[in-house]
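The values are calculated or read from the model by the stated rules, or taken from the named source; none is laboratory data. In this text the structure is predicted, and so the values were computed from the model without any measurement. Quick reminder, even Gly has a Cβ in these numbers, built from the backbone with ideal geometry, and neighbours come from all protein chains shown.
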Amino acid sequence: MPSLRRPRAIRPGARIALAAPAGPLDPEALESGRVAIERLGFEVVVRDDILDRDGYLAGSDERRASELMGFICDPDIDAIVCARGGYGCHRIIPALDATAFRAAAKPIVGYSDITTLLLWQRKRAGLLGIHGPMLEKKGALEGETGSALIRALQGTGPHPRYAGRALVPGWGEGRLVGGSLTVCVASLGTPWEIDTREAIVMLEDVTELPYRIDRMLQQLRAAGKFDRATGIALGGFTDCDDERYPEWTVERLFDDVFGSLGIPVVAGLPFGHGTENMPWPFAGRAALDGARGELEILESAVTTR
């Protein structure tokens, strides 16, 4: 695995490319996001075919891979914000060039299915990324969320501290890794398999019933992914209730799976598919305070040097 490197921070007026490496886009949400980025003082670049559709994909594998690699290799593009998750990143990984990613050292932003890209580039290119908001719904980049994303891309302002709910006391420090629970489990056995050693494991998901969340957490546990973790930080688990089995809430699952690990656990942190999706540096260092229910970011995702 290559040594870790932080991508270059962007400057005011930078050119930010919008890419669709996974699922198809809603035109109104795309336009809303484009306008929001321009209002923040940046130039937006999109390909003419970004709205292509092939069922649950944003066009063919070739289109999506060439779009992403084109933006990586274009010296006039300063950062890439993925427009939507859904599914599709697994399909284009073989067409991506890790050496080009590392040489370009551009910040890539996304979550959900983009977890695959963040895991892959951390493992194969040795690059930090930004787990953060995309353009899958109108207004996603407005307000404090958009401002926080720009600070993350520019490496400005104090490192954020995010508040959640204390579940298991303790204190742990490590690099942040994770994202979509479903996608993290799907990485097992691949060349970009999630590496949780000495890491704070960040997990979130959407529309997954408790028994499916249970199965995925048990798979990660059986794979040894919690054995050397320094903490568990849980974001939104949105629309994950099951009226048939109301006694099995996600909170109960968290206590059942994580309660005996002997490391701090914090839930309800503001990232994921819910109303809040604050950015955090993928593979950046952070500290988790299980007693206070806080996650403190210790390292920027980008370098200003």
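A single member of L203, L220, L149, L153 is over 16 Å from V266 (Cα atoms), in contact with a Gly (Cβ under 6 Å, 6 or more places away or on another chain) and crowded, with 21+ Cβ neighbours inside 10 Å, and it is L149. Taken together, L127, L119 contain a single residue that is among the aliphatic types (A, V, I, L, M), more than 16 Å from V302 (Cβ to Cβ) and outside the structural domain of A283 (by TED's automatic domain parsing), which is L119. Inside segment 98-116, can you point out the residues that are farther than 19 Å from E299 by Cβ, touching a Gly at 6+ places or on another chain (Cβ under 9 Å) and surrounded by fewer than 22 Cβ atoms within 10 Å (Cβ to Cβ)? Correct list: A98 only.
In the condition set (1) surrounded by 19 or more Cβ atoms within 10 Å (Cβ to Cβ); (2) under 20 Å from N277 (Cα atoms); (3) without any contact (Cβ under 8 Å) to a residue 60 or more places away in the chain, I80 is compliant with all but (3).
The set of residues in segment 157-184 that are surrounded by 17 or more Cβ atoms within 10 Å (Cβ to Cβ) and hydrophobic (A, V, I, L, M, F, W, C) comprises A166, L167, V168, L176, V177, L181, V183, C184. Just so you know, in segment 3-30 the residues that are under 22 Å from the mean Cα position of the chain (by Cα) and in a helix (DSSP H, G or I) include one that is nearest to G139 (Cα to Cα), and it is A29.
Exactly one residue out of D255, D289 is in contact with a Phe, Trp or Tyr (Cβ under 6 Å, 6 or more places away or on another chain) and in contact (Cβ under 8 Å) with a residue 40 or more places away in the chain, and it is D289. List the number of the failed condition for R165; all other conditions in (1) assigned by TED's automatic domain parsing to the domain that holds L40; (2) under 30 Å from D255 (Cα atoms) hold. (1) is the only condition that R165 fails. Considering (1) crowded, with 20+ Cβ neighbours inside 10 Å; (2) modelled with pLDDT of 95 or more, the lone condition that G55 does not fulfil carries the number (1). Restricting the search to helices (runs of 4 or more DSSP H) fully inside segment 47-133 and requiring at least 2 residues that are over 16 Å from the mean Cα position of the chain (by Cα) and over 19 Å from P24 (Cβ atoms) gives 61-73, 98-104.
Looking at segment 280-300 only, could you name the residues that are farther than 18 Å from C184 by Cα and assigned to a loop (DSSP other than H, G, I, E, B)? Answer for segment 280-300, where residues must be farther than 18 Å from C184 by Cα and assigned to a loop (DSSP other than H, G, I, E, B): G290, A291, R292, G293, L298, E299, S300. The residues listed here are E208, E243; of these, the one that is charged (D, E, K, R), without any contact (Cβ under 8 Å) to a residue 60 or more places away in the chain and touching a Cys at 6+ places or on another chain (Cβ under 8 Å) is E208. Regarding G284, is this residue small (G, A, S), closer than 30 Å to L135 by Cβ and assigned by TED's automatic domain parsing to the domain that holds L203? When the stated conditions are applied, G284 passes them. Is it the case that V44 is of a type in the set (A, V, I, L, M), assigned to a helix (DSSP H, G or I) and surrounded by fewer than 21 Cβ atoms within 10 Å (Cβ to Cβ)? No. Annotation note: of T190, T196, the sole residue that is surrounded by fewer than 17 Cβ atoms within 10 Å (Cβ to Cβ) and under 25 Å from Q121 (Cα atoms) is T190. Residue count for segment 224-236 satisfying the condition of being more than 19 Å from the chain's Cα centre (by Cα) and either part of a helix (DSSP H, G or I) or surrounded by 24 or more Cβ atoms within 10 Å (Cβ to Cβ) (or both): 0.
Go through the residues of segment 156-165 one by one and say whether even a single one is among the hydrophobic types (A, V, I, L, M, F, W, C), touching a residue at least 12 places away in the same chain (Cβ under 8 Å) and under 30 Å from I92 (Cα atoms). Within segment 156-165, none of the residues are among the hydrophobic types (A, V, I, L, M, F, W, C), touching a residue at least 12 places away in the same chain (Cβ under 8 Å) and under 30 Å from I92 (Cα atoms).
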